[in-house]
1. Checking residue 184 against (1) over 19 Å from residue 94 (Cβ atoms); (2) surrounded by 19 or more Cβ atoms within 10 Å (Cβ to Cβ), which single condition isn't satisfied?
2. Checking the structure you have, find out if any residue of segment 214-221 is within 25 Å of residue 43 (Cα to Cα), crowded, with 22+ Cβ neighbours inside 10 Å and touching a Ser or Thr at 6+ places or on another chain (Cβ under 7 Å).
3. Would you be able to tell me the number of residues in segment 269-299 that are among the small types (Gly, Ala, Ser) and at pLDDT 75 or above?
4. Is it true that residue 317 is among the β-branched types (Val, Ile, Thr), surrounded by 16 or more Cβ atoms within 10 Å (Cβ to Cβ) and modelled with pLDDT under 85?
5. Being touching a residue at least 60 places away in the same chain (Cβ under 8 Å), outside any helix (DSSP H, G or I) and not small (Gly, Ala, Ser) is the filter here; which residues of segment 116-140 pass it?
6. Whether any residue in segment 62-83 is buried (at least 23 other Cβ atoms within 10 Å of the Cβ), more than 19 Å from residue 212 (Cα to Cα) and touching a Phe, Trp or Tyr at 6+ places or on another chain (Cβ under 6 Å) is what I want to check.
Amino acid sequence: MNFGSLFKNLISLGGLQIANYVFPLLTLPYLIRVLGVENYGHLSYANTLVSYSTLIINYGFDISGTREISINRDNSLLTNNIFNEIITSKLYLYLISLFLFSFYLFYTNSSFQNNLLIFIIYLGVFGQIIMPAWFFQGVEKMKYITYFNLISKFFFTLMLFIFVKDKGDILIAAGLTTLGSLIAGVSSVFLLYKTFKISFKLVRASRVFFQIKKSFHFFVSGVGVHFYKNNAILLIKHFGTATDVGYFSIVRKVFEALNGLNSILSQAFLPLTVRDQANSNKSISKSIKLLFIVIFLTSFLLFSLTFLFSDQIIFLITGEIDSITSKCLELLSFSLFVIGINVPAVHYIISKGHDRFLTYSVVLGGLLDFILLLVLLPMFGLYGAIYSTVITEVFVTSILYIYSFKIFKYEK
């Protein structure tokens, strides 16, 4: 087990999470004060809609691509071919997504202002096509993409404070988000070309279908996860107002930033656990055992601190004490522990080649969350969305461990 490589990955991914979560938290109080909670709700709703297109384009390649690159990292020709196949696949999926999204905007009754807001944010989706985070993760060189993400997010944050001054600047805020995504994507591709000598060319349709088929279960799994992460915002908007979406988005943004530590550990360990489990003659490799211990302690600490200091966290982020958002964060904090401890089970199932079960588990989770939201939102309002999230996370984590133990007993 290469601890040096693991440590470097943790440091690099830590920087990446700072770019993804800490910088947005720095701008959150400013956006709420300048744009207002309602406009922030509109911005969050638009980002949520666009995220469904991002889901289609990424198609689970973040996992399948990482696994393929990790296994074949010493074969430069093969890794170049994998890169070309995945990027070409993303281009085709982008065209499909663009058609579906244009159809949606044309036939909805939203105002021109809202549609323009959504379209501006959608332009940033192209950055997701060319962003090769999965490649750098597979070769365990995440530091490169971390640098460019930090630079692009810093640029976005600085420009936001300079150009967004009142409620009428919501489109400028959206445009800066898109620009940041494009800068990160273009910069990382340039670095990939210069450092790894990767050259791009379109591949045959048969190779695209091969990659899509191989990643199908990861995609469906991602759909399930995405649904029970984002259904709440869409349904809150349906049952409530943009202001309700704004308050929920604040809690969700803080939660995701705190959960970023779980994500760092998961992403840093993934290449290691996949490779060690493949080469291990034991049912459970040392790296997965280590992952369980580390993430159990980390996620429990996250849960405890968030539960105890939810008022202070909300005040620190928003600049005001709000009993509803504080209570929502307090209730949601248990999910930090639940999500954390499901990571070793996910890694174990992936390393054993049982990807299909991950698909089943998260699809069931997504359906459960959707049903719970329809029942609980009218009854409890924003609290209903929190209850639904916690119940769903507990359900998914439980069935993941039940299945992992089933694999373990069978192999033993």
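1. Tallying (1) over 19 Å from residue 94 (Cβ atoms); (2) surrounded by 19 or more Cβ atoms within 10 Å (Cβ to Cβ), residue 184 fails exactly one: (1).
2. The answer is no; no qualifying residue exists.
3. Of the residues in that region, 2 qualify.
4. yes
5. Residues satisfying the conditions are 132, 139, 140.
6. Checked segment 62-83: no residue is buried (at least 23 other Cβ atoms within 10 Å of the Cβ), more than 19 Å from residue 212 (Cα to Cα) and touching a Phe, Trp or Tyr at 6+ places or on another chain (Cβ under 6 Å).
Let's see how each residue does on (1) assigned by TED's automatic domain parsing to the domain that holds residue 331; (2) within 19 Å of residue 337 (Cα to Cα); (3) surrounded by 15 or more Cβ atoms within 10 Å (Cβ to Cβ):
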| position | (1), (2), (3) |
| --- | --- |
| 361 | yes, yes, yes |
| 364 | yes, no, yes |
| 378 | yes, no, no |
| 385 | yes, yes, yes |
| 388 | yes, yes, yes |
| 393 | yes, yes, yes |
| 399 | yes, yes, yes |
| 410 | yes, no, no |
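The values are calculated or read from the model by the stated rules, or taken from the named source; none is laboratory data. As the structure is a computational prediction, the values presented were derived from the model and not from experiment. With ideal geometry, Cβ positions are generated from the backbone for all residues, glycine too; neighbour counts draw on all protein chains shown.
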